[in-house]
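Values quoted throughout were computed directly from the atomic coordinates according to the rules given, and no laboratory measurement underlies them. On a predicted model such as this, the values are computed, not experimentally measured, just so you know. Glycine also receives a Cβ, built like all others from the backbone with ideal geometry; neighbour counts cover every protein chain displayed.
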Amino acid sequence: MAVQYTAIRGENQSARREVRAQISTPARESLNAKLSWQKLMLILAANFRSTDLVVTLTYRDGSLPIHREAADRRLDYLIRNLREHRKKQGQLLVYARITEGYHSGGRLHHHLIINATGQDFDVIRQLWTRDGDDVDFERFGIDGAERWAKYLTKEPREKGRRHVGDRTWRTSRNVKKPVISYEMVDERDSLTPPPGAFVLDKVECQNCYGKFCHMMARLPEAIN
C-alpha cells in the first residue's frame, strides 16, 4: 500500500486548515472507511500467499458451544493440535483467527487463515470433525488481504465491539510485521506500482490546492 499527498505550507493557520480540508476531505473519507480493517489487511498481505487457506469452522446442533468463550477454547484446542502436527513434520503454523456469532443466524463459528502445506484438508477435518463439526476451505486468493480483512472485521464495524478496546481478531506470534516507511518526493512525481505488481485499488484527488493518491498493489509471488 502507498500514499502520496501534497504537503500543506504557510503560516496562516486558518488558511492552512481551509486548504487542507479542500484537498484532503474526499481522500480522507475514503481512507477513514478502511481504518477499521487496514491494520489486519497489512498483516495478511505480509504473511499469506494466494494459495494459502481460509478455513471456516461451523458447528452442528449437538456440538454448538453455549457461549463465545467456550467456542474460543474449542478453536484453541484445534490450533494447538495443528501446531503440534506440523511441528512433527518440521513445518510452521502461521495463522489469523476470529470467532463470529452475529450473522449466520446468530450461530457461533470461526474463520482461520493459515499458511498452506498441501496436507491441510485431511488433517484439519480430522481434528475438527471428530466431534461432529463442519469444515469449509477456500483459497486466500490474489486479492485476499483486502477482501478477507474487510470480511473478518464486519461484525465490529456493523454491530460494534463487545468490550471497549476489544480486538476481535488474533494472530500467531510468528506473523511478520508490515514494514512502513516514509520519504519526501517531488510533488510532480506520480504514484506508480512496482514492476509486475497487480493494482488492487487506487483513489486519486486533485484540485488547485494539491493532490492526493492512495494505491494498493500486490507484488508478484515468488515461485518455490
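Details
- Subtracting the Cα-Cα distance of Arg125 and Arg173 from 0.36 nm times their residue separation leaves 14.9 nm of extension gain.
- Inter-label distance for Arg83 and Arg68, nm, one decimal - labels placed 7 Å from Cα along Cα-to-Cβ: 2.2
- A cut-off of 5 Å between modelled amide H atoms, ignoring neighbours fewer than 5 places along the same chain, links Leu200 with Met216, Ala217, Arg218.
- For region 84-123, Kirkwood radius (reciprocal of mean inverse C-alpha pair distance, Å): 12.0
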